[in-house]
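Heads up, the thing below is written out as structure tokens.
The values are calculated or read from the model by the stated rules, or taken from the named source; none is laboratory data. In this text, all values refer to a predicted model and were calculated from it rather than measured experimentally. Backbone-built Cβ (ideal geometry, glycine too); neighbour counts: all protein chains shown. Just the protein is used for accessible areas: all its heavy atoms, side chains included, with ligands, DNA and RNA removed. Shrake-Rupley method; radii C 1.70, N 1.55, O 1.52, S 1.80 Å.
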Amino acid sequence: MSHHTHEHGHDHEHGHGRNDLAVFQHGRPPVDRSAIQGWGADLDRKNRPAYPMERMPQRLDAPLTQPDQQPQHVEVLVSPERPHMTPLFGSPQPPSGLSGMLRRAAFRSTENDVRHWLLLLLADRVNVVEGLAEDLARGHVPNIFAEMGIKAEWEHNRVGLAKKVAVAAAVAGVGYYLLKRRSER
Amino acid sequence: MLAMNYRGPYRVRADHKPDPVIEHPGDAIVRVTRSCICGSDLHLYHGLVPDTRVGTTFGHEFVGIVEEVGSGVTKLKVGDHVLVPFNVFCGSCFFCQRELYGNCHNTNPQASAVGGIYGYSHTAGGYDGGQAEFVRVPMADVGPTVIPADLHEDDAVLLTDALPTGYQAAEMGDIAEGDTVVVFGAGPVGIFAAKSAWLMGAGRVIVVDHVEYRLDFVRRYAQCEVINFREVDDMALHIKKMTDWLGADVCIDAVGCEAAGNAMQTIAGPYTMLQAGSATALHWCINSVRKGGNVSIVGVYGPTFNAVPIGNALNKGLTLRMNQASVKRHLPRLIEHIQAGRIDPKQIITHRVPLEEVADAYHIFSSKLDNCIKTVLIPPSARQTRAVAATALN
Ligand SMILES: [Zn+2]
Ligand SMILES: [Zn+2]
């Protein structure tokens, strides 16, 4: 076994002509490169697709003309830092309701302004409540436990689930006790 | 059609939604045969990405069959089996001309910093994603790549994001022969970054995570050393000890805004949103790399403020490079690597889940249950087609 290892190391040094590698590696035995599939296949930077980072001309066989404008049927919010409607955009979930008003307000400030992002995050939270209301209005009572993957939790993390249930029950129990005490006073 | 439907933080379900339609002459409709859940989908799932609207369908990693094409599509044909890069890009704007497809200027009116991404919030263009039976694919002549006949569909779906992102992470690290490379994060992208570091001639590859099964996996799959940061007092000190007090030549952040390991960062980040996620991995990168070294960032961070030790980066003379992967640029080379057997991406797939069970799939991945590395979702229509094909063969 030790003979084999030695032979390997020997082979390796000759194979790559880099005797200094062991030194460079802080006294560790050199990595057995032959054991690593494809080692060094892209050592030559010419093989790396992104090197250098930007290059001209384009390699894609694509027209250099601006794409046609996508027709707009729904409200799409536009960044003040990029003030024209792009030729292409996503159209699902247009802004609506209170969250939509918050989003429109957010788009009055730029991406450079932290209020833009904070308003959007606030709108997202409001939107969750709107989503619940929308489900109920359609007569659909969402199964929130199922949506959170309780089946998977039960299958793969029963102990964790039991702990969470115990904690929730304890919190509910304490809450109930405190409320009861207050109402009795 | 059946599609994943986001209802709020930690809440998703499979729902019936209207089929997507051609909205632009360059569009195609693709019938999805496989889609993945990506680590970066978890940032959306946890409600950390601004303008993630209720009702959205996630999924930027998918392959499928072209079902319909718009009048302007000339190259792609109905019936083509395609992999679709996660970027929505035009191929002709200032940035696309420079092969920065991840930075396309023509596909996202709602933010200037980020290009269009399938199923990745309205901040990334508001496109619905591929965790569905059908998906609208704009610029169908430019984005999708026809899957070569000898390429496995599971390899193809990993070429839409995880593998190119890991590869670009290694490439941005500008690895030279014999370099010591430290990858933070043993998720799919970190695993592929480690693998790619070897392709680029690294002399030593070290992967850092805190989930033991992920470290086991990456040790086996990418033959690297691993560190469980829960067992380490001080990461930068530990890396320096391992490298004769110099530091690593290259550090890669494959974690992004939900890093564990630092309570202050977690409180300032995900909990109170005072910064765009916890930048722990990025701190470790900057402080563990050697002077004059390279830091490469592909972990997703939010658009707002982050506390980053830029002074250390300055004093150490670091090169920092980062981007969303420009997937299309990497595909020819990566397909070569797969065909030559240098890398076998599909090995990282641990879970195949019917689209109907998307809520459980997200929970398993998010909570790191059942040794999950990568999950593939299979829509009911794709399963039926396969059943029909199997019957036809008999
Ligand atoms: Zn992804
Ligand atoms: Zn473009």
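Just wondering, is there one or more residues in segment B:24-38 that are hydroxyl-bearing (Ser, Thr, Tyr), buried (at least 19 other Cβ atoms within 10 Å of the Cβ) and assigned to a strand (DSSP E or B)?
Yes, some residue in segment B:24-38 is hydroxyl-bearing (Ser, Thr, Tyr), buried (at least 19 other Cβ atoms within 10 Å of the Cβ) and assigned to a strand (DSSP E or B).
Please find, among B:LEU48, B:LEU100, B:LEU2, the residue that is more than 10 Å from every other protein chain (Cβ to nearest Cβ) and aliphatic (A, V, I, L, M).
The conditions single out B:LEU2.
Among the residues of segment A:61-119, what is the count of those that are assigned to a loop (DSSP other than H, G, I, E, B), open to solvent by 30 Å² or more (accessible area, probe 1.4 Å) and either within 9 Å of chain B (Cβ to nearest Cβ) or not aliphatic (A, V, I, L, M) (or both)?
Matching residues across segment A:61-119 total 25.
B:GLY64 is checked against (1) open to solvent by less than 20 Å² (accessible area, probe 1.4 Å); (2) within 12 Å of another protein chain (Cβ to nearest Cβ); (3) within 14 Å of B:ALA28 (Cα to Cα) and fails just one. What number does that condition carry?
(2)
If you scan segment B:98-115, which residues turn out to be within 16 Å of B:ARG329 (Cα to Cα), in a loop (DSSP other than H, G, I, E, B) and within 16 Å of ligand 1 (Cβ to nearest atom)?
Selection gives B:GLY115 alone.
Give A:GLU75, A:GLU54 a once-over and let me know the one that is of a type in the set (D, E, K, R) and closer than 19 Å to B:TYR127 by Cβ.
On inspection, the qualifying residue turns out to be A:GLU75.
If B:PHE95 meets every condition in (1) under 20 Å from the mean Cα position of the chain (by Cα); (2) not in a loop (DSSP other than H, G, I, E, B) apart from one, which number is that one?
All conditions pass for B:PHE95, except number (1).
I'd like the full set of residues that are in contact (Cβ under 8 Å) with a residue 12 or more places away in the chain, more than 13 Å from ligand 1 (Cβ to nearest atom) and more than 14 Å from every other protein chain (Cβ to nearest Cβ), limited to segment B:148-170.
B:PRO148, B:ASP150, B:LEU151, B:HIS152, B:GLU153, B:ASP154, B:ASP155, B:ALA156
Every residue, every condition in (1) in contact with a strand residue (DSSP E or B) (Cβ under 7 Å, 6 or more places away or on another chain); (2) closer than 27 Å to A:ALA62 by Cα; (3) among the charged types (D, E, K, R); (4) assigned to a strand (DSSP E or B), yes or no:
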{"position": "B:ALA3", "(1), (2), (3), (4)": "yes, no, no, yes"}
{"position": "B:ASP15", "(1), (2), (3), (4)": "yes, no, yes, yes"}
{"position": "B:ASP19", "(1), (2), (3), (4)": "yes, no, yes, no"}
{"position": "B:VAL54", "(1), (2), (3), (4)": "yes, no, no, no"}
{"position": "B:VAL66", "(1), (2), (3), (4)": "yes, yes, no, yes"}
{"position": "B:THR74", "(1), (2), (3), (4)": "no, yes, no, no"}
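Would you check if there is a residue in segment A:131-142 being part of a loop (DSSP other than H, G, I, E, B), under 27 Å from B:HIS122 (Cα atoms), within 11 Å of chain B (Cβ to nearest Cβ) and open to solvent by less than 60 Å² (accessible area, probe 1.4 Å)?
Looking through segment A:131-142, at least one residue is part of a loop (DSSP other than H, G, I, E, B), under 27 Å from B:HIS122 (Cα atoms), within 11 Å of chain B (Cβ to nearest Cβ) and open to solvent by less than 60 Å² (accessible area, probe 1.4 Å).
Which count do you get for residues in segment B:276-326 that are hydrophobic (A, V, I, L, M, F, W, C) and within 24 Å of B:HIS46 (Cβ to Cβ)?
Total satisfying the criteria: 14.
Considering each residue of segment B:134-147, count those that are away from ligand 1 (no atom under 16 Å from the Cβ) and within 10 Å of B:LEU83 (Cα to Cα), and give that number.
Number satisfying all stated conditions: 4.
Checking the condition within 16 Å of ligand 2 (Cβ to nearest atom) and out of contact with any helix residue (DSSP H, G or I) (no Cβ under 7 Å at 6 or more places or on another chain), which residue from B:GLY59, B:GLY26, B:GLY70, B:GLY79 passes?
Checking each option against the conditions leaves just B:GLY26.
Could you say whether any residue in segment A:149-167 is within 8 Å of chain B (Cβ to nearest Cβ), touching a strand residue (DSSP E or B) at 6+ places or on another chain (Cβ under 8 Å), open to solvent by less than 70 Å² (accessible area, probe 1.4 Å) and in a helix (DSSP H, G or I)?
Scanning segment A:149-167 turns up no residue that is within 8 Å of chain B (Cβ to nearest Cβ), touching a strand residue (DSSP E or B) at 6+ places or on another chain (Cβ under 8 Å), open to solvent by less than 70 Å² (accessible area, probe 1.4 Å) and in a helix (DSSP H, G or I).
Taking the conditions exactly as written (out of contact with any Asp or Glu (no Cβ under 8 Å at 6 or more places or on another chain), within 16 Å of ligand 1 (Cβ to nearest atom), of a type in the set (Val, Ile, Thr) and away from chain A (no Cβ under 14 Å)), does B:VAL84 satisfy them or not?
yes
Using the structure shown, decide if B:ASP15 is open to solvent by 10 Å² or more (accessible area, probe 1.4 Å), away from ligand 1 (no atom under 16 Å from the Cβ) and either more than 13 Å from chain A (Cβ to nearest Cβ) or touching a Leu at 6+ places or on another chain (Cβ under 9 Å) (or both).
When the stated conditions are applied, B:ASP15 passes them.
What do you reckon, is B:GLY173 within 16 Å of ligand 1 (Cβ to nearest atom), of a type in the set (Gly, Ala, Ser) and in contact (Cβ under 8 Å) with a residue 12 or more places away in the chain?
no
Scanning segment A:126-185 for residues that are among the aliphatic types (A, V, I, L, M) and in contact with a Leu (Cβ under 8 Å, 6 or more places away or on another chain), which turns out modelled with the highest pLDDT?
Of everything passing the filter in segment A:126-185, A:VAL126 is modelled with the highest pLDDT.
Hey, could you check segment B:82-92 for residues that are more than 8 Å from ligand 2 (Cβ to nearest atom) and in a loop (DSSP other than H, G, I, E, B) and say which is nearest to A:SER91 (Cα to Cα)?
The qualifying residue nearest to A:SER91 (Cα to Cα) is B:PHE86.
Output the residue which, of all residues in segment B:116-133 that are of a type outside the set (Ser, Thr, Tyr) and assigned to a loop (DSSP other than H, G, I, E, B), is farthest from ligand 1 (Cβ to nearest atom).
Of everything passing the filter in segment B:116-133, B:GLU133 is farthest from ligand 1 (Cβ to nearest atom).
Scan segment B:229-240 for residues that are open to solvent by less than 20 Å² (accessible area, probe 1.4 Å) and not small (Gly, Ala, Ser) and report the count.
Total satisfying the criteria: 2.
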